[in-house]
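Below is one structure; the comments refer to it alone.
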Amino acid sequence: VKHELVFDDEQMNTLCNFSSDLTPNTAYALACVFMNVTNSYEKPDIEPEMVRIAEYAKQNIPKEHELDSEENLKARIAKLIALKAPTVLATCSTAVSERTREFLARSYFSIVSCDGGVHCGAVVQLGGTRSLLNLFQENTAEGKQYAAHAIAKIAIKMNPALAFSGQKSLDACRPCLSLITSTMSNTFLVYDGLMALTNLASVSDSVRERIIREGGCHDIEYQQLEDSDALRRAATEVVCNMALSEKFRERYRPAKDSNDTPPDRLKAVFVFCRENNQH
C-alpha cells in the first residue's frame, strides 16, 4: 500500500496539502505515514536462535515484504524528494506532541542516510536542518538520538558551513556532542558524531569555542582511549581541528609549576600519532 501511495502523485499531493492547515491530529497522521513509507518505524530484534527454534517447531516466521527491500526503499525516498515531501516534515516539526516529533526525526534520519546520503543536499534546501535542530530540542530520548544522528549525517556529507549557515553551525554542536558521550554504547553513533564534529570544528573559531563551552573536550578526549582504532582515529582528527583554537591549546600546555613538563594529554596525542603511522 505504501509503495502504491508514494508513486500516486495525485494521492501524495492531496496528502501533503493537509500540512497547509495543520492540527495536532493531522501532524501525527502525516508523521505516521512518512515514518511508514520510509521504513523508519521500530523493528523488533529477532535473534537467529529464536528463528531456528521457530523453524524446528514449524511455526510461521514473518518475512520482510519484497516492496520493503533496500532497492524499493531507495525508490520511495527518491520519489518523496522529487515531490519535495521534506517540506511537509518541516511544517509538521512545529508539532507539540513528542511522539509526533519522534516519528518526524525517524523519517528525516531514514531520508538522509539513504543511498549514502545522496539526498542530504535536498533536505537542507527544503529546510531540513532548521527542522532537525528544532526536533532535537524537545523530543523523546529516541527522537533526540535520531534527530542528532540525522544532523551528524548532514554535517559529514556536506560542507557544514553551507549546510548549517550562520547560527545553525553553533546549534549543531550540542546534538553531535550528544552522540559521543561516555555512556553511548553504539559505536556507529559515536563514530558519526566524531566525524561530524571534525567537520564542524573546521568551520570557525566560534564553533570551536561552542564545542568547548558545551563540555565537549572531555568526551572527545575520552574517545581517544577507546579500544576501537576507528574511534581513536576519529577522535584524534577532532582534536587536530580543535587545536586551531587558542583556548583548546591551553589544555595541552605545561602547568606553570611543572617545569615545562608536557602534560599527559599532549603525550597521549604523540602516542596516537605514532600508532597511526605504524598502521
Calculating Kirkwood radius over Cα pairs in Å from this structure picks out, from (1) 18.5; (2) 20.6; (3) 25.8, entry (2)
Among Leu30, Leu126, Asn139, the residue whose Cα sits farthest towards the positive end of the charge dipole of the chain (+1 at Cβ of Lys and Arg, -1 at Cβ of Asp and Glu, taken about the Cα centre) is Leu126
Here the longest stretch of the chain that holds no trypsin sites (Lys or Arg not before Pro) in a DSSP loop having at most 10 other beta carbon atoms within 10 Å is 64-255
Counting only backbone N atoms under 15 Å from a point 7 Å out along Cα-to-Cβ of Ala268, the residues of segment 197-219 in range are 216-219
PRE zone check, label point 7 Å out along Cα-to-Cβ of Glu42, amide N under 16 Å, scope segment 130-159, hits 139-147
In nm, the gap between the two label points placed 7 Å beyond Cα toward Cβ at Glu142 and Asp21 is 3.3
On the accessible surface of segment 120-279, probed at 1.4 Å with all protein chains in place, carbon and sulfur together account for a percent value of 49
Magnitude of the Cβ-charge dipole (Lys and Arg +1, Asp and Glu -1) of the chain about the Cα centre, nearest 20 debye, reported as 740
Checked against a 30 Å limit on the C-alpha separation, the offending pairs among Lys2/Lys168; Lys2/Lys144; Lys168/Lys267; Lys247/Lys267 are Lys2/Lys168; Lys168/Lys267
Where a ≥ b ≥ c are root eigenvalues of the Cα gyration tensor, a/c under 1.5 meaning rounded, otherwise prolate if a/b exceeds b/c and oblate otherwise, segment 154-256 counts as oblate
A student applying the Cα gyration tensor rule (rounded when a/c is under 1.5; otherwise prolate if a/b is larger than b/c, oblate if not) would label segment 109-166 oblate
Everything considered on the Cα gyration tensor (a ≥ b ≥ c; rounded for a/c under 1.5, else prolate if a/b is larger than b/c, else oblate), segment 94-212 must be described as rounded
Expressed per residue, the solvent accessible area of the chain in Å² (1.4 Å probe) is about 55
Sorting Ser204, Met184, Cys217 by the position of each Cα along the dipole of segment 182-226 (Lys, Arg +1; Asp, Glu -1; all at Cβ), the one nearest the positive end of that ordering is Ser204
With 0.36 nm assigned to each residue of separation and the Cα-Cα distance removed, His218 to Asp115 gains 33.7 nm
Length gained if Ala243 through Thr183 is fully extended, taking 0.36 nm per residue and subtracting the Cα-Cα distance, is 19.1 nm
With x for Gly and Pro, the residue-by-residue ³J(HN,Hα) of segment 189-201, computed from phi through the Karplus equation 6.51 cos²θ - 1.76 cosθ + 1.60 at θ = phi - 60° and given in whole Hz, is 5, 4, 4, 5, x, 5, 5, 5, 5, 4, 6, 4, 5
What helix-only [θ] at 222 nm does the chain give? Using -39500 (n - 2.57) per DSSP H run of at least 4, over all residues, to the nearest 500, the answer is -19000 deg cm²/dmol
Quick calc: nm separation of the 7 Å Cα→Cβ label points for Ala82 and Glu98 -> 3.9
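The values are calculated or read from the model by the stated rules, or taken from the named source; none is laboratory data. Only a predicted model underlies this, so the values are computations on that prediction, with no experimental measurement involved. With ideal geometry, Cβ positions are generated from the backbone for all residues, glycine too; neighbour counts draw on all protein chains shown. These area figures cover heavy atoms from the full protein model, side chains too; ligands, DNA and RNA do not enter into them. Shrake-Rupley method; radii C 1.70, N 1.55, O 1.52, S 1.80 Å.
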